[in-house]
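Presented below is the structure to which this report refers.
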Amino acid sequence: MVSSAHAISSGLAKDGGLFVPRDFPPVALAEIDAMKGKPYGDRAVQILSRYLTDFSEEELRECVSAAYSKEKFGGFAAPLHLLKKDTDILELWHGPTSAFKDMALQILPHFLTRAVRKTGEQKKSVILVATSGDTGKAAMAGFSDVPDTEVIVFYPHGGVSDAQRLQMTTQRGNNVHAVAVEGNFDDAQTGVKLLFGKAELAAELKEQGCAFSSANSINWGRLVPQIVYYFSAYADAVEKGRIQNGTEIVFSVPTGNFGDILAGYYAKLMGLPVKKFICASNSNNVLTDFINTGTYDRNREFHRTISPSMDILVSSNLERLLYEKTEHNSEKINEWMDALQEKGAYSIGRDIQDAVVSDFFGAWIDEIETQETISDVFNNYGYVLDPHSAVAYKALQKYRLMTSDETYGIVLSTASPFKFSDVVLRALYPDDYEGKVLTAFEAMDELSQKARIDIPQGLKELRGLPERESDIVAPGEMEKEVKKILAID
């Protein structure tokens with residue numbers, strides 16, 4: 001057992017495993033009811049204090065105030081938008097990088113700097129990040145020029161949107177670095193995990209007064225802030241009269257690395273009334289197949305899609321779910337993870353699969369369905385979804401169709417549509433843009449004009465910023481690149 005400060009500063013356990021909570025502190029319905037009308041920061045302190053027990057309330061309030069300020073989020077950090085009577089959209093993209101990763105990565109730097117002090121370590125934190133598009137920019141923005149930190153982001157070359165790439169390559173700060181990796185997100189993520197596991201490299205870092213940490217959702221400090229917005233959304237649904245307090249609801253979550261939806265499951269274990277989590281995938285439907293068959297098999301074609309942040313075949317946080325579903329059977333988890341690494345697949349058996357299905361429903365949405373959903377939602381409700389949020393909305397529709405369950409649902413909207421302006425434009429106005437090539441900024445301007453919505457300030461400010469040259473490396477060259485950036489011979 002380790003302290004929360006140790007888990008946050010380390011990122012990964014020494015054996016390469018993920019830190020998990022020892023238990024899940026209960027939150028009573030009366031406490032959820034008391035959240036109604038409160039600022040998001042107050043709700044965050046209420047939940048975070050249950051886990052970060054070695055942080056004082058004053059410290060947590062300082063972290064929360066700095067992270068979720070009006071200057072950064074423009075108002076309430078995670079507003080609930082009514083789409084129709086039985087469906088709300090939880091908008092998680094009002095932060096500085098226009099993606100849900102801001103909800104965690106604006107507060108993680110404040111956690112990390114305090115955690116390092118609490119553990120008594122005198123070191124520079126070298127934060128390694130693998131990103132499928134949004135985590136990289138959010139980490140770079142959150143940690144930009146934070147003392148005693150260095151951020152190295154690896155992203156798949158050609159596997160992110162133009163806006164996502166520009167956000168990373170124009171980020172200011174002397175301690176942030178974006179590196180393109182030949183391959184896909186799984187190649188980048190595997191490479192980062194391998195770097196964490198190299199004892200010789202760790203020793204070289206230690207000689208330089210450095211140590212690796214992580215800003216991916218494998219880091220407990222990244223995951224725990226995401227629990228907050230599930231409670232916040234539920235409290236808002238009660239306050240707005242959508243449901244009575246205590247009523248079970250469903251959440252539909254666009255899912256790749258399984259961190260966002262896992263945070264919701266942790267909220268349920270704490271007492272949040274949730275009937276089902278809809279695990280929404282794109283054409284990289286490894287999670288849908290896993291939920292429906294009990295076999296996780298990454299040995300399949302990898303698809304580059306119009307929802308690139310979900311283009312993932314190895315979902316790191318899934319082992320945290322399995323740890324709970326196997327009643328903390330670490331030996332079994334290690335056996336499955338070894339099989340995944342060696343053979344690319346493992347099967348959990350019928351009993352554990354039934355336990356997973358009791359909480360999760362898997363559905364996947366192809367490219368045409370995603371485009372049609374963006375168009376349908378705009379035409380019917382005047383609301384513009386990004387392609388990831390469209391996947392989640394359509395998955396909720398599939399769930400209702402297949403189960404005849406009309407339970408009130410909340411769709412997690414994980415990115416502003418302006419991060420994928422070209423895709424959204426072609427979905428909304430296909431005849432106007434067939435064969436037409438647009439720059440990222442031209443697409444943003446046209447989407448804003450035609451849909452009559454404002455471009456987020458953080459994306460608007462990208463225009464004209466100098467773009468740093470981004471190195472392109474093979475997965476096997478990632479260690480060499482880290483050493484070059486850190487000036488380690």
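The values are calculated or read from the model by the stated rules, or taken from the named source; none is laboratory data. As the structure is a prediction and not an experimental result, all values here were calculated from the model. Every residue, glycine among them, receives a Cβ derived from its backbone with ideal geometry; neighbour counts consider all protein chains shown. Please note that ligands, DNA and RNA were not included when accessible areas were found on the heavy atoms of the full protein model with its side chains. Shrake-Rupley method; radii C 1.70, N 1.55, O 1.52, S 1.80 Å.
First obtain the Kirkwood hydrodynamic radius of the range 95-168 from its Cα pairs, then insert it into the Stokes-Einstein equation at 4 °C and 1.567 mPa s, and state the resulting D in µm² per second as a whole number.
On the way: Rh = 12.8 Å.
Estimated via Stokes-Einstein, D reaches 101 µm²/s.
Applying 1/(1 + (r/R0)^6) with R0 = 41 Å to the Cβ-Cβ distance of ASN245 and ALA203, what FRET efficiency is obtained, to the nearest 0.05?
Numbers: r = 54 Å, r/R0 = 1.31.
That gives a FRET efficiency of 0.15.
Rg/Rh for the chain to two decimals, with Rh computed the Kirkwood way over all alpha-carbon pairs.
Details: Rg = 21.1 Å, Rh = 22.6 Å.
That ratio equals 0.93.
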Worksheet item: When Rg is the radius of gyration of the Cα atoms in the range 43-165 and Rh is its Kirkwood radius, what does Rg/Rh come to?
Response: 1.01
Worksheet entry | Cβ crowding within 10 Å averaged over residues, with 413-421, 202-210 ranked highest first | 413-421, 202-210
Fill in: Those aspartates and glutamates that a straight Cα-Cα span of less than 18 Å connects to LYS450, excepting residues fewer than 8 apart in one chain
GLU372, ASP376, ASP386, ASP422, ASP431, ASP432, GLU434, GLU442
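In square angstrom, what is the accessible area per residue of the range 20-109 with a 1.4 angstrom probe? Show your work: numbers first, answer last.
Numbers: 3610 Å² over 90 residues.
Using a 1.4 Å probe on heavy atoms only, each residue of the range 20-109 averages 40 Å².
Charges only on Cβ, +1 for Lys and Arg, -1 for Asp and Glu: so what's the dipole of the chain about the Cα centre, in debye to the nearest 20?
Numbers: 51 positive and 69 negative charges, 182 e Å.
With Lys and Arg at +1 and Asp and Glu at -1, about 880 debye.
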Item to complete: Using only the Cα atoms of the range 271-324, each taken as one equal point scatterer with no solvent, compute I(q) by the Debye sum, divide by I(0), and report log10 of the ratio at q = 0.12, 0.17, 0.24, 0.27 Å⁻¹.
Response: -0.32, -0.61, -1.06, -1.22
Discussion item. Helix check for the chain. Which DSSP H runs span at least 18 Å along their own axis by Cα, with a mean Kyte-Doolittle hydropathy no less than -0.5?
Written reply: 220-239, 387-403
Worksheet entry | Dipole axis of the range 142-283 (+1 Lys, Arg; -1 Asp, Glu on Cβ), positive-most option in TYR265, VAL179, ILE152 | TYR265
Response to the item:
Mean separation of Cα contacts under 8 Å (at least 6 apart) over the residue count of the chain, i.e. the relative contact order in percent, is 19 percent
Fill in: For the range 151-290: accessible area per residue (Å², 1.4 Å)
27 Å²
Practice prompt. Along each of the three principal axes of the Cα atoms of the range 180-276, give the extent in whole Å, ordering the values from largest to smallest.
Written response: 57, 30, 20
Practice prompt. Using the Cα centre as the reference, give the magnitude of the dipole from point charges on the C-beta atoms of the range 154-310 (Lys, Arg: +1; Asp, Glu: -1; all else neutral), rounded to the nearest 20 debye.
Written response: 360 debye
Practice prompt. Would you list, by chain and number, the lysines whose Cα falls below 21 Å from the Cα of LYS198, excluding same-chain residues fewer than 8 positions away?
Written response: LYS14, LYS123, LYS124, LYS206, LYS480, LYS483, LYS484
